[in-house]
Amino acid sequence: MLLEYVSGHDRAWLLAHGNDEAPERARTLLDRLVAERTRGVPIAYLTGSAGFYGRRFDVTRDVLVPRPETEHLIELALAFLRECGPPEPRICDVGTGSGIIAVTLACELPRAHVVAIDVSPAALVVAERNARVHAAGARIAFQRGDLFEAAAYAEPFHCIAANLPYVRNAELKAAPDSTAFEPRVALAGGPDGLALYRRLLARSPGLLAAGGAMFLEAGPDTADALAALAGAAFGVSARVLVHRDYAARERVVEVRARPLTKGVLP
Ligand code: GLN
């Protein structure tokens, strides 16, 4: 991958030209990148981009590296919105980071309107650039804010998606673990990993439309506790489900708000 990056040629070309001499400049750059990678720096930070749900996204050290597990959240949100959402769904991505969730949902659902929130101004710069590159900027409103605190929302959302920090502070890893190079503000979830989700869920019942759904990424050891928090926040007004990722680990908590049924007592 690093050789593809420094040479500008794809893997097939590199395999077919295995005996070619690389230019001096490319070799110097490759040596530097290999040294960085050896220290543990994620590939995405070295090449400045990562693939996610079939698209390329700019990535800097101000944002979390996109993970394939988050594609599972995308699939769940898309299935829900295509089946149960209105033609022009209002979606909120809280803690958007590089913007992968907001931009992917906006691209996959061309009539959706998305609000993307992040506390980090540097992350928002990256997210806005990704939205522009994928021609989704006009349908995404970027907001700087601490979860839902900074703005008042006139109408509730049909879908709220979030991949908030959920690593327990005591479990944050040091280098050479690749996460040591990622922003702490994107990973550290407090003593039990749920500090941010707790605050998010406290505000969410009023912001999720009847019949709408939340999709929250979690870790296998926090998903059950997050589901319990969601259950407590929404009470009988929502159903809570835990979905597993393709490694069969609990990964996404879904909060499905009950629809309003006119004239029928629940
Ligand atoms: N999946 C990430 C990890 O385990 C954590 C992402 C997050 O905290 N939102 O490193």
Over region 219-257, the set of residues touching a Pro at 6+ places or on another chain (Cβ under 6 Å) and open to solvent by 70 Å² or more (accessible area, probe 1.4 Å) is Arg249
Of Tyr5, Tyr45, the only residue that is within 16 Å of the ligand (Cβ to nearest atom), at pLDDT 95 or above and surrounded by 17 or more Cβ atoms within 10 Å (Cβ to Cβ) is Tyr45
Flagged in region 139-171 as farther than 21 Å from Val59 by Cα and hydrophobic (A, V, I, L, M, F, W, C), in numbering order, are Leu147, Phe148, Ala150, Ala151, Ala152, Ala154, Phe157, Cys159, Ile160, Ala170
Scanning region 141-181 residue by residue, those within 15 Å of the chain's Cα centre (by Cα) and not hydroxyl-bearing (Ser, Thr, Tyr) turn out to be Phe142, Leu147, Cys159, Ile160, Ala161, Ala162, Asn163, Leu164, Pro165, Val167
For region 157-185, pairs from a residue that is closer than 21 Å to Thr96 by Cβ to a residue that is near the ligand (Cβ under 10 Å from one of its atoms) and open to solvent by 50 Å² or more (accessible area, probe 1.4 Å), with Cβ under 6 Å and 6 or more apart or across chains, are Thr179/Lys173
Restricted to region 187-201 and to residues being part of a helix (DSSP H, G or I) and within 12 Å of the ligand (Cβ to nearest atom), the residue farthest from the chain's Cα centre (by Cα) is Ala195
(message) Going residue by residue through region 112-135, is there one that turns out to be open to solvent by 50 Å² or more (accessible area, probe 1.4 Å) and within 22 Å of His72 (Cα to Cα)?
(response) yes
Practice prompt. Could you tell me whether any residue of region 147-154 is within 21 Å of Gly97 (Cβ to Cβ), open to solvent by 40 Å² or more (accessible area, probe 1.4 Å), among the small types (Gly, Ala, Ser) and touching a residue at least 12 places away in the same chain (Cβ under 8 Å)?
Written response: yes
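Take Leu260 and decide whether it is more than 20 Å from Ala79 (Cα to Cα), loosely packed, with under 13 Cβ neighbours inside 10 Å and in contact (Cβ under 8 Å) with a residue 12 or more places away in the chain.
Yes, satisfied.
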Checked pairs for region 7-23, first among the hydroxyl-bearing types (Ser, Thr, Tyr), second outside any loop (DSSP other than H, G, I, E, B), C-beta under 6 Å and 6 or more apart or across chains, list as Ser7/Ala26
If you go through Tyr166, Tyr153, the only one that is in contact with an Asp or Glu (Cβ under 8 Å, 6 or more places away or on another chain) and not β-branched (Val, Ile, Thr) is Tyr166
Filter region 45-66 for residues that are farther than 13 Å from Pro183 by Cβ and of a type in the set (A, V, I, L, M, F, W, C); the one that is farthest from the chain's Cα centre (by Cα) is Leu46
(request) Look at Thr28 and say whether it is away from the ligand (no atom under 16 Å from the Cβ) and among the β-branched types (Val, Ile, Thr). (result) yes
- [ ] Considering every residue within region 209-218, establish whether at least one is surrounded by 18 or more Cβ atoms within 10 Å (Cβ to Cβ), of a type in the set (Gly, Ala, Ser), in contact with a Cys (Cβ under 8 Å, 6 or more places away or on another chain) and modelled with pLDDT of 95 or more.
- [x] yes
All-but-one check, Arg184 against (1) over 30 Å from Ile43 (Cα atoms); (2) out of contact with any strand residue (DSSP E or B) (no Cβ under 8 Å at 6 or more places or on another chain), failing number (1)
Filtering region 48-70 down to residues that are touching a Gly at 6+ places or on another chain (Cβ under 9 Å) and open to solvent by less than 70 Å² (accessible area, probe 1.4 Å) yields Phe57, Asp58, Val59, Thr60, Val63, Leu64, Pro66
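The values are calculated or read from the model by the stated rules, or taken from the named source; none is laboratory data. The model shown is predicted, which means the values in this text are computed figures rather than measured ones. Note: ideal-geometry Cβ built from the backbone for every residue, glycine included; neighbour counts use all protein chains shown. Remember, those area values only see protein heavy atoms, side chains included, never the ligands or the DNA or RNA. Shrake-Rupley method; radii C 1.70, N 1.55, O 1.52, S 1.80 Å.
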